[in-house]
1. Please report the carbon-and-sulfur percent of the accessible area for the chain; probe 1.4 Å, protein heavy atoms only, DNA, RNA and ligands left out.
2. How large is the charge dipole for region 138-287, taken about the Cα centre, if only the Cβ atoms of Lys, Arg (+1) and Asp, Glu (-1) carry charge, to the nearest 20 debye?
3. Which of Arg151, Arg239, Arg121 moves most in a GNM of the chain, Cα contacts under 10 Å?
4. Could the peptides 90-102, 251-263 be put in order, highest first, of the mean number of other beta-carbon atoms found within 10 Å of their residues?
5. How are the alpha carbon pair distances in region 203-274 distributed across 5 Å bins from zero to the largest one, expressed in percent?
6. What is the Cα centroid distance between region 131-163 and region 1-80, reported in whole angstrom?
7. Could you give the DSSP H helices of the chain that reach 15 angstrom or more along their long axis (alpha carbon positions) and whose average Kyte-Doolittle hydropathy is no lower than -1.0?
8. Using a Gaussian network model of the chain with C-alpha springs under 10 Å, which one of Asp248, Asp46, Asp19 is most mobile by mean-square fluctuation?
Amino acid sequence: MQELSVRHLLGIKDITPQDIQLIFETADNFKDVLNRPIKKVPSLRDITIANVFFENSTRTRLSFELAEKRLSADVINFSSSSSSVKKGETLLDTVNNILAMKVDMIVMRHSSPGAPHFLSRHINANIVNAGDGTHEHPTQALLDTFSIRERLGDVAGKKVVIIGDILHSRVALSNIFALQKLGAEVMVCGPITLLPKHIKELGVKVELDVRKALAWCDVANVLRIQLERQQMKYFPSLREYTLYYGIDKKLLDSLDKEIVLMHPGPINRGVELSSDAADSHHSIILNQVENGVAIRMAVLYLLASKQ
Ligand code: CP
């Protein structure tokens, strides 16, 4: 059996193109399972997984929980807002107490970049990073690139623009790594204040004009403005952001070609995307969510075999 090169999925930066292909091929099989009347396999019947979320989530938490249940794992859910973290318990004590209950794998979302990397140096269980602050969100990038492959046949050679708040986005960084490892050309587009100063060092193109970016690309992955991570004003108003960077159906229809429109969610409708664009035939947003379950099944299954 082929194996991943890593014991934990901490970031796309740490994995190889071969790892990504293995995850995709495994996810293809699990997607077939998910389309059967009985959507469950016994693969992780003896494994217990804790979903440890220190930050809000809808898609990622539910998608991991469903993936774990479809693999027949035992699942426990931890949310920091209703936990003893509020009484001053440290991250390591919290996780060690969870592991003392014979838990095998930890899926963790945390607001601090590097929190899962820190844990990986102190515990033995496999760790999956479900988003660490502004750093990485590896399973999001895997499901995004898997969805591009599904829609366009391949990721290699495709032109993908990531539009919006690149500065605060873990989705952007993980997507840049994944797209480049799979041979895509990557552009970032947004107000100059929302682009990291040294972003070109990652080998991406930079474009400030959203119309030019859309004219260049095969795929546009549109991001939300992460107001909760912004300590200062990066642009005059949301209204102005929408005027210059908002994407609507009229703008998509004005292109002389079809493009694929993506968004990791949650969407702020009427800000970065209008409803008529988000719900148009260009959009694969709900396909991304559907594919998230198969991708997370693949990641958990492959990591469990590395215990
Ligand atoms: N895409 C994503 O991470 O969404 P959630 O924050 O709802 O998990």
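The values are calculated or read from the model by the stated rules, or taken from the named source; none is laboratory data. A quick note: this is a predicted structure, and the numbers were derived from the prediction, not measured. Don't worry about glycine lacking a Cβ; one is built from the backbone with ideal geometry, like all the others, and counts go over all protein chains shown. Heavy atoms of the whole protein, side chains included, go into the accessibility calculation; ligands, DNA and RNA do not. Shrake-Rupley method; radii C 1.70, N 1.55, O 1.52, S 1.80 Å.
1. 51 percent
2. Using only the charged Cβ atoms, the result is roughly 340 debye.
3. Arg121
4. Descending packing order for the listed peptides: 251-263, 90-102.
5. Distribution as computed: 3, 13, 25, 26, 20, 9, 3, 1 percent.
6. 17 Å
7. Once both thresholds are applied, what remains is 17-34, 138-152, 170-181, 285-304.
8. Asp46
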